[in-house]
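**Student:** This is the structure I want to talk about, given as structure tokens.
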Amino acid sequence: MEQQKQFEMAKVYAPREMEDRIYEMWEKSGAFKPKIDKSKKPFTIVMPPPNITGQLHVGHALDEMPQDVLIRYHRMKGDPTLWLPGTDHAAIATEVKVVEALRKEGRSKHDLGREAFIDRVWDWKKEYGGRIVKQLRKLGVSCDWSRERFTMDQGLSRAVRETFVRLYEKGLIYQGWRMINWCPCCQTSISDAEVEYEEQNGSFWHLLYPVKETGEMLELATTRPETMLGDTAVAINAEDERYRHLHGCHVVLPLINKEIPIVCDEHADMTKGTGVVKITPAHDPNDYEVGKRHDLPMVRVFTYDGHMTGKAEAEENARLIAEGRATKDEPVVLDCGVYAGMTTMEARKAIVRDLENLGLLKKVEPLTHEVGTCYRCHNTIEPMVSKQWFVKMAPLAKPAADAARNKDIVFVPERFEKTFLNWMDNTRDWCISRQLWWGHRIPAFYCDACAKVHVSREDLTVCPDCGAPLRQDEDVLDTWFSSALWPFSTLGWPDDTEDFNYFYPNSVLSCGYDIIFFWLARMVFSGIEQTGKCPFPVALMHGLVRDAQGRKMSKSLGNGIDPLEVIEKYGADALRFSLEIGVAPGADVRLSEEKIETYRNFANKIWNASRFALMNMQDFAPKGVPSKDKLALSDKWILKRFNDIVRTLTDNMESFDLGMGAYNLYDFIWSYFCDWYIEMAKHELNGEDAEARLATQETLNYVLTGLLKLLHPYMPFITEELYSYLPGHEGMLIEASWPEAKPEFDFDEEAARMDAVMDVIRAARNLRAEMKVNASKRATLILKPAAGMEPAFRLAEGYLNRLAAASSVEYLGAGDPTPEKAASAVTAGTALFIPMGELVDVEKELARLNKELENTLGEIKRSEGKLANPGFISKAPAALIEQEKDKIEKNKAHAEVLRERIGQLA
RNA sequence: GGGGUUAUAGCUCAGUUGGUUAGAGCGUCACGUUGACAUCGUGAAGGUCAUAGGUUCGAGCCCUACUAACCCCACCA
């Protein structure tokens, strides 16, 4: 049976053949479902929900990696482990996609109407929403698909509504006219966090406004001349001597000849430009504040779709005002006359041209400045005064910031705590209403009869006060409003469910640092407000994926790596490892196909090491743990080193040093296990001594099995496959056990002696390489062992033969003369000689030995200098002083052997 | 303007609370293939740890200043 297995095992690792099969097996076995055990502490992570519009890209792959590694580690440790997956409805992104699809059919969402449009989006969701979820499986994510959630499913919608009503009832959600960011393209408001600033080339137009009282021209500059029709004042600084005579005066707004006041306000900066600034309260955030301070009227000149307002809009507005339905906070709409209906850009040109014709354009300066753009469509944001819903942030931000300051939430790495606090301490109210159809509709109901607003957990049709019919608010909520509840809404909150009670708070939240404000911060304050608990004690951040040159991956640069393609080519394990190895928490990752190839090669290495092990375990029935009696020196050495790596890896996992853990494993498996241990084990495995062979088989099996387990969180597929081949658990899934270091295998002394032997092997190889000896040519190795080392070398002769190409090993006593026609080297007091007859160039040999002697003497001097320093003696730890003394001893012995050899050759 | 990060070998990066003669991968060069693996092995070359001070018995690591690159937030009339 086993015999067959071996021959079935391909010589080359072929991930494609196994990964889908293994994933299916995992899913069928229910391995990813936690077993709730009240006596145990669970380990929980909720997956950042990808957008249903999404296609898997390397960013997702990076996002999943730390989570899957931690989840698999904790599952192996035996913790009831839940990784909860799901998707986000992505209000704007999805709506834009579907609107686009409709446009191709020659229709608009308004042609369909609200209900039909939403049906259409659900259809779209059914068709494409599952795509990313299928693709995620290719990465090997071990989440519990039976608990998959969607931000707009019934339960989560109820959580959203409950949250909204609670916040409203506490006065933490309010509706009002405020300055907001308006995207004329998406035709919706967006939050401050959704504005991205881009550097753009623009102009600085210097305009002249005539002063009514004095007739002089007041020069001011603007980057947005199209807003001038909405100016309701001009501001100067009260301290500005240049304009002291204008206090209380007015200017006549050109083009519409409207008289507006000159006001004194701190916003006017004397050091900038002419110190005069035009004030457009309806279209600029700063001017809005100035307007409030001076009780200036607000005049709106832009429509919500990016045109200049005209007669129709102005009349509609006038009507509302006349009927008393417009509040004081609401801007007055201007009929822009000849400019009406123009886009803002057309109006800019026309207004500048007209001003120039009037001689009121003094000059135009080019400038580059940061312009706010929509994070979705990248069109320029227009600041607008608009009626929206807001979350009052101050009372929510305070406890969230406290949680970070009290370390109820810890950031990994630490520095992101500052980013988080900086935002929490300065955040402004959150605009949560979006003028979209796809999303959670705002549960506010208006009564036109009694002008009341009802916010309710249930849909209302008639006014509870007056019985008149109600109409629901047309807007939906910011998509992040629902994702902010993700750590608990997915577990059944607001109901008192078993999942919620057991798995909340979550254990860790892992996401990219680019969504700290969008998501993480909002989860923290929402969790604290709604559940009274910080939703997770640890925020593990990761960075961005970049290309080999460190650039962001983007379609326009064409430098993207398609994860599905590279999985197809190199396997998911290779991709996973590439994204994790050597990456410090929070650091960006450079990814290239070459890098992925390197770790595919690593997988192949493991594959072949296992193949080797299996070939040598045909006749072997493991007892599980090697018995100590017959272990070879190399067995003891690897058992000790394996203990070390188990301890290290466990530390790495517990401290979230996942990149370090991967690196440690790579190094251990390739160098310690493959290059050294397997090569040495060949001696015992091919030897005559049946008991020694058995002991090595036990060791090989024990260590390899353990290594596969340690590597499993990073490379789940190949480790699962190989594990199932190893004797003792053929066909089994990797059991839920994380390896433990066994103190009885801490063979410190033997390991140290083995290391000394390895030094000699390296020195011999080095000599041979320098002498350009053909690797297949064997030669006698003559050793003059350091004190007490001869027994170790005798035990290790098999390794010396095999790894240092020694045809035989001879030993010299302390007083014995050393061979002359030999290349020589000294390591830790042991001298080694390889007789090479005439090949040896005595001059070169001497030069080399002298150089080494010089180095050694230098070292001794350095150590002696240290020890001669009274400060060092009195303050350094005793162990270090001992170490330094020890070093002198060793180096002296080393130098002695070198001198002896030099003396003999010279 | 506020906050943050980075600077170590040709390239990409490690380097834990300060404690050997600063490491790895890739690349380069030399040698090597008959049975785990050329998706491989062995060996070598290559670094004044950005700069200047400081603290310390001791600094790649801590502090200050400076230089350069990058990121985030705010602002730019």
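The values are calculated or read from the model by the stated rules, or taken from the named source; none is laboratory data. Please read all numbers here as calculations on a predicted model, not as lab measurements. Using ideal geometry, Cβ is built from the backbone for each residue, glycine included, and neighbour counts are taken over all protein chains shown. Protein only, heavy atoms only, side chains kept; ligands, DNA and RNA dropped before computing areas. Shrake-Rupley method; radii C 1.70, N 1.55, O 1.52, S 1.80 Å.
**Student:** Could you rank the peptides A:474-480, A:133-139 by their average count of other C-beta atoms within 10 Å per residue, with the highest value first?
**Tutor:** Averaged packing, sorted descending, gives the order A:474-480, A:133-139.
**Student:** If each residue of separation counts as 0.36 nm, what is the full-extension length gain between residue A:555 and residue A:114 once their alpha-carbon separation is subtracted?
**Tutor:** Stretched fully, the residue A:555-residue A:114 segment lengthens by 155.4 nm.
**Student:** Using the basic label-point model (7 angstrom from Cα toward the beta carbon), what is the residue A:197 to residue A:597 distance in nanometres?
**Tutor:** Label-label distance for residue A:197 and residue A:597, simple model: 4.3 nm.
**Student:** If you roll a 1.4 Å probe over the heavy atoms of the protein chains, what accessible area per residue do you get for region A:700-751, in Å²?
**Tutor:** 30
**Student:** Would you mind calculating the gained length between residue A:859 and residue A:749 on full extension (0.36 nm times residue separation, minus the Cα-Cα distance), in nm to one decimal?
**Tutor:** Extra length from residue A:859 to residue A:749 when fully extended: 37.1 nm.
**Student:** Carbon and sulfur together cover what percent of the accessible area of region A:169-317 at a 1.4 Å probe radius?
**Tutor:** Carbon and sulfur: 48 percent of the exposed surface of region A:169-317.
**Student:** Give me the count of lysine pairs in region A:750-906 whose alpha carbons sit under 21 angstrom apart, restricted to pairs 8 or more positions apart or on different chains.
**Tutor:** Lysine pair count for region A:750-906: 27.
**Student:** Right, here's the next one. Evaluate E = 1/(1 + (r/R0)^6) for residue A:311 and residue A:245, where r is the Cβ-Cβ distance and R0 equals 56 Å; express this FRET efficiency to the nearest 0.05.
**Tutor:** That pair, residue A:311 with residue A:245, gives E of 0.90.
**Student:** Need one word for region A:74-197: rounded, prolate or oblate. Basis is the Cα gyration tensor (sqrt eigenvalues a ≥ b ≥ c); a/c below 1.5 gives rounded, then a/b vs b/c decides.
**Tutor:** Here region A:74-197 falls in the oblate category.
**Student:** Follow-up. At 7 Å along the Cα-to-beta-carbon direction for both residue A:465 and residue A:778, put a label point, then send me their distance in nm to one decimal.
**Tutor:** Distance between the two pseudo-spin positions: 10.2 nm.
**Student:** Next question, about the same structure. Expressed in nm to one decimal, what extension gain is obtained for the pair residue A:28 and residue A:332 from 0.36 nm per residue of sequence separation less their Cα-Cα distance?
**Tutor:** Answer, rounded to one decimal: 103.0 nm.
**Student:** Let me ask you something else. Within the set A:170/A:387; A:311/A:452; A:11/A:605; A:28/A:623; A:623/A:709; A:258/A:311, which residue pairs have Cα atoms separated by over 22 Å? Before the final figure, lay out the partial values.
**Tutor:** Working: A:170/A:387 20 Å; A:311/A:452 30 Å; A:11/A:605 11 Å; A:28/A:623 30 Å; A:623/A:709 18 Å; A:258/A:311 18 Å.
Beyond 22 Å between Cα atoms: A:311/A:452; A:28/A:623.
**Student:** Another question about this same structure. Among the aspartates and glutamates, which have Cα under 17 Å from the Cα of residue A:35 when same-chain residues fewer than 8 positions away are ignored?
**Tutor:** A:27, A:79, A:144, A:148, A:498, A:499, A:735
**Student:** Further question: Express the carbon and sulfur contribution to the solvent-accessible surface of region A:355-449 as a percent, rounded to the nearest whole number, probe 1.4 angstrom. Let's see the in-between values first.
**Tutor:** Numbers: 2070 of 4360 Å².
Reported share for carbon and sulfur atoms: 47 percent.
**Student:** Would you please report the Å³ per residue occupied by the convex hull of the alpha carbon atoms in chain A? Display every interim value, and only then the final one.
**Tutor:** On the way: hull volume 221.8 nm³, N = 906.
Convex hull volume per residue, Cα atoms: 245 Å³.
**Student:** Also, I was wondering about something else. Roughly how much of residue A:753 is accessible, in Å² to the nearest 10, using a 1.4 Å probe?
**Tutor:** 70
**Student:** Tilt of helix A:521-531 relative to the longest C-alpha principal axis of chain A, in degrees (0 to 90, nearest 10)?
**Tutor:** Roughly 80 degrees, rounded to the nearest 10.
**Student:** What number, in percent, do you get for the relative contact order of region A:1-159 if the mean sequence gap of Cα pairs under 8 Å and at least 6 apart is divided by its residue count?
**Tutor:** Here the relative contact order equals 32 percent.
**Student:** Next question, about the same structure. With a sphere of radius 11 Å drawn around the Cβ of residue A:427, what net charge do the other residues whose Cβ falls strictly inside it have (Lys, Arg +1; Asp, Glu -1)? Numbers along the way, then the final one.
**Tutor:** Working: positive: A:392, A:398, A:428, A:522; negative: A:192, A:425, A:429.
Net charge in that neighbourhood comes out at +1.
**Student:** Classify region A:780-838: rounded, prolate or oblate, from the alpha-carbon gyration tensor (a ≥ b ≥ c, eigenvalue square roots; a/c under 1.5 rounded; otherwise prolate if a/b is larger than b/c)?
**Tutor:** oblate
**Student:** Would you kindly work out the equivalent ellipsoid of region A:524-600 from its C-alpha gyration tensor and give its semi-axes, the square roots of five times the eigenvalues, largest first in whole Å?
**Tutor:** So the equivalent ellipsoid measures 32, 15, 12 Å along its semi-axes.
**Student:** Separation of region A:813-850 and region A:288-367 by C-alpha centroid, Å?
**Tutor:** So the separation of the two Cα centres works out to 94 Å.
**Student:** Kindly state, to the nearest 0.05, the FRET efficiency for residue A:841 paired with residue A:17, given R0 = 60 Å and r defined as their beta-carbon distance.
**Tutor:** Values: r = 54 Å, r/R0 = 0.91.
It comes out at approximately 0.65.
**Student:** In addition: Any idea what the alpha-carbon Rg over 2.2 N^0.38 Å comes to for region A:129-235?
**Tutor:** Dividing the Cα Rg of region A:129-235 by 2.2 N^0.38 Å gives 1.93.
**Student:** For chain A, what does the relative contact order come out to in percent, with C-alpha contacts under 8 Å and a separation of six or more?
**Tutor:** In percent, rounded to a whole number, it is 12.
**Student:** Further, regarding this structure: Ratio of alpha-carbon Rg to the 2.2 N^0.38 Å globular estimate for region A:550-706, to two decimals, please.
**Tutor:** 1.26
**Student:** Give a residue-ordered list of calculated ³J(HN,Hα) values for region A:347-352 (Karplus: 6.51 cos²θ - 1.76 cosθ + 1.60, θ = phi - 60°; whole Hz; x for Gly, Pro).
**Tutor:** 5, 4, 4, 5, 5, 4
**Student:** Divide by every residue of chain A the summed helix terms, -39500 (n - 2.57) for each DSSP H run of at least 4, and state the resulting mean residue ellipticity at 222 nm, rounded to the nearest 500 deg cm²/dmol. Show your work: numbers first, answer last.
**Tutor:** Numbers: 31 runs with 392 residues, N = 906.
About -13500 deg cm²/dmol.
**Student:** Accessible area per residue, 1.4 Å probe, Å², for region A:228-306: what's the number?
**Tutor:** Numbers: 3260 Å² over 79 residues.
Per residue, region A:228-306 has an accessible area of 41 Å².
**Student:** What nm value, rounded to one decimal, do you get for the distance between residue A:762 and residue A:362 when each label is placed 7 Å out toward the C-beta?
**Tutor:** Result for the modelled spin labels: 7.5 nm.
**Student:** Still on this model: Roughly speaking, what % of Cα-Cα pairs in region A:749-800 are separated by over 19 Å, rounded to a whole number?
**Tutor:** Of the Cα pairs, 27 percent sit more than 19 Å apart.
**Student:** Spelling out what I want: for every residue of region A:58-73, take phi, set θ = phi - 60°, compute 6.51 cos²θ - 1.76 cosθ + 1.60 (Karplus), and round to whole Hz; glycine and proline get x.
**Tutor:** 4, x, 4, 4, 5, 4, 7, 4, x, 5, 5, 4, 5, 4, 5, 4
**Student:** Enumerate the calculated ³J(HN,Hα) couplings along region A:381-398 in order (Karplus 6.51 cos²θ - 1.76 cosθ + 1.60, θ = phi - 60°), each rounded to whole Hz, writing x wherever the residue is Gly or Pro.
**Tutor:** With coefficients 6.51, -1.76 and 1.60, one gets 7, 9, x, 9, 8, 8, 8, 9, 9, 9, 9, 6, 7, 3, x, 8, 5, 4 Hz.
**Student:** Give the calculated FRET efficiency between residue A:154 and residue A:724 to the nearest 0.05, with a Förster radius of 30 Å applied to their Cβ-Cβ distance.
**Tutor:** Computed FRET efficiency for residue A:154 and residue A:724 comes out at 0.15.
**Student:** What area, in nm² and to one decimal, does the C-alpha convex hull of region A:10-89 cast on average over all directions?
**Tutor:** 7.3
**Student:** Taking the convex hull of the Cα atoms, report for region A:611-669 its projected area averaged over all directions, in nm². Spell out each step's value before the answer.
**Tutor:** Numbers: hull surface 21.1 nm².
Approximately 5.3 nm², given one-decimal rounding.
**Student:** What angle do you read, to the nearest 10 degrees and between 0 and 90, between the alpha-carbon axis of helix A:716-725 and the longest principal axis of chain A?
**Tutor:** 30
**Student:** Just tell me which lysines come within less than 20 Å, Cα to Cα, of residue A:552; anything on the same chain fewer than 8 places away is out.
**Tutor:** Partners found: A:595.
**Student:** Mean separation of Cα pairs under 8 Å and 6+ residues apart, divided by the residue count of region A:442-591: what relative contact order is that in percent?
**Tutor:** Values: 194 pairs, mean separation 25.3, N = 150.
The value is 17 percent.
**Student:** For region A:534-691, which whole percent of the accessible surface, found with a 1.4 angstrom probe, sits on carbon and sulfur atoms?
**Tutor:** Carbon and sulfur: 47 percent of the exposed surface of region A:534-691.
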